[in-house]
Amino acid sequence: MSADTTPSNQEANPPVDGKELIRFDKVTKRFGSNTVLDDLTFGVDSGKHVTLIGPSGSGKTTILRLLMTLLKPDEGTIRVNGDYLTHEERGGKLVPAGEKHIREVRKNIGMVFQQFNLFPNMKVLRNITEAPVTVLGLSKDEAESRARDLLELVGLTEHLDKYPSQLSGGQQQRVAIARALAMRPQVLLLDEVTSALDPELVAGVLDVLRDIARSTDITMLCVTHEMNFARDISDQVMMFDEGHIIETGSAEKIFGDPDHARTREFLSAVL
Ligand SMILES: Nc1ncnc2c1ncn2[C@@H]1O[C@H](COP(=O)(O)OP(=O)(O)OP(=O)(O)O)[C@@H](O)[C@H]1O
């Protein structure tokens, strides 16, 4: 990692607003000569539902992948709940984070992908209990009780004994949502979770997510092309274009009366 990615030691115990859960500070991400995120700074408050919108290739998924530590920023820092994702404090100094630190921070973050990524050789119940048992150290009984509650929430109680291949895409995606929530993360990242579904299965998955947004205090970061869904659940919408957030505001503001011409152009193409 280059020196300029290391925050100054003065920032080792940064004053993080009690309500702020996620903070990107001057984050730049490049793939070769392609600068995908350019000196990006933003924060997300705890409990908020934030939707990232913008043209294809504008860097939305890259934000989620950075938060999952599937990618590392070339410059800048990312904090979740005050903890640096890519650095840790050792002997009063901030140094590049080790695997253990990254695993700890990651426990706070759940992600649901476009492809459901379930374990094909495990039944539904085990798909949901596996990580709580192996990563969090829950007993099998505790994990199963948590999984049963979540299966009820996503409307799949009667399918707990099936393999993923015996379920529809929409049902598999609802299992993936339950699996992410079983870790009780503070943040749920949703990356185009309905894009791979047949159109008739989309509504069921979005309804489950609407329910979760309404009934839990989880912080959500959502990349979606489903603009009606975005309008329904979002406390805040961020419009991305070429690696920058060009406009952000309430769903009412962004969908109803955006300031930026690029936002109007984008929305008129997708709405
Ligand atoms: N692993 C990678 N290697 C090289 N380039 C990448 C990689 N991942 C993403 N990119 C590039 O980064 C840019 C931003 O991609 P990203 O997936 O974040 O965009 P997006 O806004 O989510 O787009 P979409 O709406 O199409 O999913 C694109 O130009 C993409 O080709």
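The values are calculated or read from the model by the stated rules, or taken from the named source; none is laboratory data. As the structure is a computational prediction, the values presented were derived from the model and not from experiment. Virtual Cβ from ideal backbone geometry, glycine too; neighbours counted across all protein chains shown.
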Among (1) on the phi < 0 side of the Ramachandran plot; (2) surrounded by 18 or more Cβ atoms within 10 Å (Cβ to Cβ), the one test that Gly243 misses: (1)
Residues of segment 199-214 being farther than 29 Å from Gly57 by Cβ and either without any contact (Cβ under 8 Å) to a residue 40 or more places away in the chain or within 16 Å of the ligand (Cβ to nearest atom) (or both), which ones? Asp207, Arg214
Take the residues of segment 33-54 that are part of a loop (DSSP other than H, G, I, E, B) and more than 7 Å from the ligand (Cβ to nearest atom): which is surrounded by the most Cβ atoms within 10 Å (Cβ to Cβ)? Lys48
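Has segment 87-100 got any residue that is of a type in the set (Val, Ile, Thr), touching a residue at least 24 places away in the same chain (Cβ under 8 Å) and either over 30 Å from Thr224 (Cα atoms) or in contact with a Cys (Cβ under 7 Å, 6 or more places away or on another chain) (or both)?
Taking segment 87-100 and keeping what is of a type in the set (Val, Ile, Thr), we get 95.
Then drop every residue that is not touching a residue at least 24 places away in the same chain (Cβ under 8 Å), which leaves 95.
Restricting the remaining residues to those that are either over 30 Å from Thr224 (Cα atoms) or in contact with a Cys (Cβ under 7 Å, 6 or more places away or on another chain) (or both) gives 95.
Checking segment 87-100: at least one residue is of a type in the set (Val, Ile, Thr), touching a residue at least 24 places away in the same chain (Cβ under 8 Å) and either over 30 Å from Thr224 (Cα atoms) or in contact with a Cys (Cβ under 7 Å, 6 or more places away or on another chain) (or both).
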Criterion first (touching a Gly at 6+ places or on another chain (Cβ under 9 Å), within 16 Å of the ligand (Cβ to nearest atom) and at pLDDT below 95) does Glu242 satisfy it? yes
Suppose the filter is surrounded by fewer than 20 Cβ atoms within 10 Å (Cβ to Cβ), away from the ligand (no atom under 16 Å from the Cβ), modelled with pLDDT under 95 and farther than 25 Å from Ser56 by Cβ; does Asp232 pass it? no
Condition check for Asp217: acidic (Asp, Glu), touching a Gly at 6+ places or on another chain (Cβ under 7 Å) and not in a helix (DSSP H, G or I): yes
